1. Treating the beta-carbon of each Lys and Arg as +1 and of each Asp and Glu as -1, no other charges, what is the dipole magnitude of the range 123-309 about its Cα centre, to the nearest 20 debye?
2. Once you keep just the Cα pairs under 8 angstrom separated by 6 or more residues, what percentage relative contact order results for the range 123-309?
3. Please sort 248-261, 184-197 by packing, taking for each peptide the average over its residues of neighbouring beta carbons within 10 angstrom, highest first.
4. Hey, got the Cα dimensions of the range 167-254 along the principal axes, in Å, largest first?
5. What percent of all Cα-Cα pairs in the range 242-306 falls into each 10 Å bin, going from 0 up to the bin containing the maximum distance?
6. Computed on alpha carbon atoms, what radius of gyration and Dmax characterise the range 181-310, expressed in Å?
Amino acid sequence: MPAEAPAADRSPGEAAQPTAPAADAPLPGPATPPEAAAVPVPEARPPAPADGAQAPSDAAPAEPKPPAPPSAATPAEPGSTAPEAAAPAPNAPQPAYVPPEKARTEPEPGAPDVPAMAVTPAETVEAAAAVEDAVSCERELKARGAEFTVDATIAEGDCGVLRPVAVTRLSNGTRIEPGTVMLCRAALALDVWVSEGVEPAARAEFDGARVKALTHASTYVCRARASESRISEHSRGSAIDIAGFELSNGTVLPVEATEPGTPADRFAAAVRRAACGPFRTVLGPGTDSDHGTHLHLDIAARRADATYCR
C-alpha cells in the first residue's frame, strides 16, 4: 500500500480537511435506461387564444374582403347625423329662393299691397252661418203670412243689421207704423207676440176687438244704451220700442202707467207678460224713468238663454 504523501504547509495541530468534489462532476444517482434516453419528447403546444384575443404574431394574415359595390343612399337611422351635402361647385347655378332660417313677420319689400281685411276668415264663417239663419227666418216669416221686404245689409262700425227686414203688416193683419228696420229674428218674435199674445188680450178685455195697428218709437238706430256707454240692442237691429196699440173698435192704448183695475191696466199687464218669452228683454213703465212711455223688447242673447223681464 503506497505511503500517504504529507500535506503541504500544514501547521502543527491543524486537522486535515476533506477535499470537495468538482462543480461539474455528475452527482451519483440511478442510471438512465438506454431505451428512455433514446425517445425524443415533442414541444408542448401553446394554449388557444381566448375569444376576442389577438392571434399570434406569427399567424398568417387574413385575406382582405373586397369593397362593397356602390348602392343607393341609405336613410339615416333615428338619432344619427346625416352626412353634409357636398358643397356646390363655385360656378354652379344657385336656387332663386332660399327659405330664411326664421319666418318673416312682415311682407316682403317688393310684394304688392292688398286692401286690409275688415273681418277675419273666422268671422266670415260666423257671418255665413248668420246669413243662412236669416234666409231661413225669412222663409218662416213669409209662410206665416207677414208682409215685409228685405233690404241691403247695414254696416256702420260697431252698428249694423244683417239683411234688415221692413215689416208693414203682421200675419194677423196688424199694421206696423212706421215701417221697421230690424233683424228677421226680431221681426219673427214680434209677429208671434202680437198674434198669440196681444190679439187674445185685446179680445178678452175689449169685447172681441182686434188689434188694428201697432205704433213703435224706434227699431234700428246706432246709439248707446240709455244712461250707459255700452252699445244698445237697437244698434244691432234686435230691438223695438212699442209706443201704443190701436184696436178695431177705435180704442187707442198708449204704453204708459194705467189705473189699476181697468181693462187698459189688465190689457197692459197681459201683453207685457206675453212678451217675456218671444223676447229675451222686456222693460216698460215702472222699470225706470227711461222706459215710462214705451215697451222695450229685444232678443239679446243671455247666458244660459235667460230672460230679463222687469
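We did not get these values from a lab; they are worked out from the coordinates using the rules stated. Just so we're clear, the structure is a prediction, and the values are computed from it rather than from any experiment. Positions of Cβ are backbone-derived with ideal geometry, glycine not excepted, and every protein chain shown enters the neighbour counts.
1. Values: 20 positive and 27 negative charges, 58 e Å.
Taking the Cα centre of the range 123-309 as origin, the dipole is about 280 debye.
2. Values: 371 pairs, mean separation 31.3, N = 187.
Worked out over the range 123-309, it gives 17 percent.
3. Details: 248-261: 13.4, 184-197: 22.5.
Ranked from most to least packed, the peptides come out as 184-197, 248-261.
4. Dimensions of the range 167-254 along the principal axes of its Cα atoms: 45, 25, 19 Å.
5. Pair shares across the bins are 20, 49, 25, 6, 0.
6. 14.3, 45
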